[in-house]
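The values are calculated or read from the model by the stated rules, or taken from the named source; none is laboratory data. Model, not experiment: these values are computed from the prediction. Cβ placement follows ideal geometry from the backbone for every residue including glycine, while neighbour counts extend to all protein chains displayed. SASA here: full protein model, heavy atoms, side chains in, ligands and nucleic acids out. Shrake-Rupley method; radii C 1.70, N 1.55, O 1.52, S 1.80 Å.
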Amino acid sequence: MQGTGAGGLIDDWVNVWRNKIVLPDAKSKIAVVTGGARGIGTEVIRGLLKANVFVIAGVRKPESVKKIAETMENGDNLIAYPLDLQSLKSVKKFAETVLEKYSSIQMLINNAGIMYGDYQLTEDGFENQLATNHLGHFYLTHLMLPALKKGGAVGEAARIVNVTSCAHYPGKIYFDDINMKDHYDSIAAYAQSKLAQLMSARYINKLLEEEGCPVKSYSVHPGIVDTDLFEKTMFKKAFPWAMKLFFKTPEKGAISILFACFDKDLEKRGGLYISNCIEGISNRFSKKLDNQKRLFEMSCELVNVDVDNFGKV
C-alpha cells in the first residue's frame, strides 16, 4: 500500500496540469451526493452549486451541511437528509425521502467513505469499511437508478460517480470471506472496498448499456488528498507536515469528480476509471468480467436485491 501511495503522489505531481474543469450552467440538473459535511465532499458540493445544480446531500448530521451552505455560492440550492451508509435501513429511508420529492435526478455521486480502523460489523453484519464504501452505495445506486433513468437523455446521460482510490490497486475481493472475519487487516479491507467500487461502476455501466439506458457509470480516484481520513494512519502521526506539503487540497481533489459529472467527451466512455481527469491505471483483477459479475451477484445477495431486478425498483 505504501508503494501504491507513492505512485499516487507521483501521478498527482506529473498530471497536476490536467486537473481542470470548466463548470457549465446546469441549473436544470439535480445531484445526490453522499457525504459533504467535510473534505472532498464539501468541495464537490461547492462546485456543483457554482454550476447551478440543485444538490441533495446524504449525511449523518444534516444540520452540519446547513451551516456549510451558508458559506457557499447558491447555498439555497442545497438540502440535506439523514444517511448512514452502515445501515441498509437508513439507505432505504434516505432514498425514499429523496424520491418522494424528486422522481428525476441527473447525478448520483457516491462520495462518502471511511478508511482503516478496528474490525467492526454493522447492524446488517457487514465489515464496516465494505459497508460504508461499497455496499451502502451499491444499494443506494439500485434504489436511485429509476430516477436516474428518467433524468438521463440521449446525448445527455445521467451519471453515477463512485469515488474510489488508487488504494484499490493492491487489493483483491475476498469472495470466500467478504467480511474478512478469519483474517482481518484494515488496510486490505479498505483496498477491497475501493476495488469493489471501481468494479461495480464498470459492471453496472455494462448492464445499463445493454439495457439501452441513458445513464453512465464512472469511478474516480480524486488523488492523494489531505483530509481527516488519514487521522488514524501512522503517516499522519509521523509526518503531519508532509501532508500539507505534498498532498492535494480537498478543492483540487474535487476537480476529477466534477470532471466525471460534467465532461461532454465522457459520454462515450462509460465505465471509465478516472484519475487526474484522464483514464487511470487500474489493476488486472478489476478488468476481468468474471470477477465483476461475481462481485455484482454477491453484492446483490448481500443487500437482498434480485440480480435481474437491479435498478428496477
Mean Cβ-within-10 Å packing, highest first, puts peptides 160-167, 107-114, 306-313 in the order 160-167, 107-114, 306-313
In the chain the accessible area split gives carbon plus sulfur, as whole percent at 1.4 Å, a share of 51 percent
P(r) over all Cα-Cα pairs of segment 1-121, 5 Å bins from 0 to the longest distance, whole percent per bin, short to long, reads 2, 10, 18, 18, 18, 12, 11, 8, 2, 0
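Net charge near residue 63, counting Lys/Arg +1 and Asp/Glu -1 over other residues with Cβ under 14 Å of its Cβ? Walk me through the numbers before you get to the answer.
Numbers: positive: 38, 60, 61, 66, 67; negative: 70.
Neighbour charge sum, excluding residue 63 itself: +4.
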Taking Lys and Arg as +1 and Asp and Glu as -1, residues besides residue 124 with C-beta under 12 Å from its C-beta add up to -1
Amide H neighbours of residue 57 at under 5 Å, excluding residues fewer than 5 places away on the same chain, with H built from the backbone geometry, are 33, 79, 80, 81
Spelling it out for residue 84: with amide H atoms placed in the peptide plane at 1.01 Å from N, the residues 5 or more places away or on another chain with amide H under 5 Å from its amide H are 91
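How large is the accessible surface per residue of segment 20-141, computed with a 1.4 Å probe and reported in Å² as a whole number? Please list the in-between numbers first.
On the way: 5190 Å² over 122 residues.
So segment 20-141 comes to 43 Å² accessible per residue, rounded to a whole number.
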Checking rank on 41-51, 176-186, 122-132, with mean other Cβ inside 10 Å and highest first, the result is 41-51, 122-132, 176-186
Calc'd 3J(HN,Hα), segment 298-313, phi into Karplus 6.51 cos²θ - 1.76 cosθ + 1.60 (θ = phi - 60°), Hz, glycine/Pro = x, comes to 5, 4, 4, 4, 5, 9, 6, 10, 5, 3, 6, 10, 4, x, 10, 5
Whole-Hz Karplus couplings 3J(HN,Hα) for segment 265-275, θ = phi - 60° and coefficients 6.51, -1.76, 1.60, Gly and Pro as x, run 5, 6, 3, 9, 10, x, x, 5, 9, 10, 9
